[in-house]
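First comes the structure, then the notes that go with it.
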Amino acid sequence: MNTYRHLTIDEREKIMIFHALGHTISAIAVALKRHKSTISRELKRCSRCCYTAQLAQQGYQQKRAKCKPNKKLKNAALFELVKQKFIVDNWSPEQIS
């Protein structure tokens, strides 16, 4: 079974260089040992003007940051109160809410 690996900044920089030199998507894919659809999608994803590795990496990191679940209790004092009621006082979730 194949495992998926995200493109690294080094791979994105190589894509940028090879693409700027006029290499085909297939040639870039062979050089990076990636599937040509991976290279094609990466170039399409960042095709506003011309592909830059730095902007592609920034976009990737911003999207990854949004994937993390939001904390339900951002207020530290409220979190401690709920934790105490739940663990120490043995309240049920219904009682806490």
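In segment 24-49, the residues that are at pLDDT below 95 form no Cβ pair under 6 Å with any partner that is among the acidic types (Asp, Glu) and loosely packed, with under 14 Cβ neighbours inside 10 Å, whether six or more places apart or across chains. Segment 47-97 holds helices (runs of 4 or more DSSP H) entirely within its bounds, and those carrying 1 or more residues that are more than 30 Å from GLU11 (Cβ to Cβ) map to 76-87, 93-96. Condition (residue is part of a loop (DSSP other than H, G, I, E, B) and among the hydroxyl-bearing types (Ser, Thr, Tyr)) applied to segment 29-43: is it met by at least one residue? For segment 29-43, residues part of a loop (DSSP other than H, G, I, E, B) and among the hydroxyl-bearing types (Ser, Thr, Tyr): absent.
Out of curiosity, is ARG41 of a type in the set (Lys, Arg), within 16 Å of GLU13 (Cβ to Cβ) and surrounded by 10 or more Cβ atoms within 10 Å (Cβ to Cβ)?
no
Before we move on, is THR3 surrounded by fewer than 11 Cβ atoms within 10 Å (Cβ to Cβ) and either over 17 Å from the mean Cα position of the chain (by Cα) or among the hydroxyl-bearing types (Ser, Thr, Tyr) (or both)? When the stated conditions are applied, THR3 passes them. Of all the residues in segment 6-38, those that are among the β-branched types (Val, Ile, Thr), surrounded by 17 or more Cβ atoms within 10 Å (Cβ to Cβ) and closer than 20 Å to GLN61 by Cβ number 2.
The values are calculated or read from the model by the stated rules, or taken from the named source; none is laboratory data. This structure is a prediction, so every number in the text was calculated from the model and none was measured. No Cβ is skipped: glycine too gets one built from the backbone with ideal geometry, and neighbour counts run over all protein chains shown.
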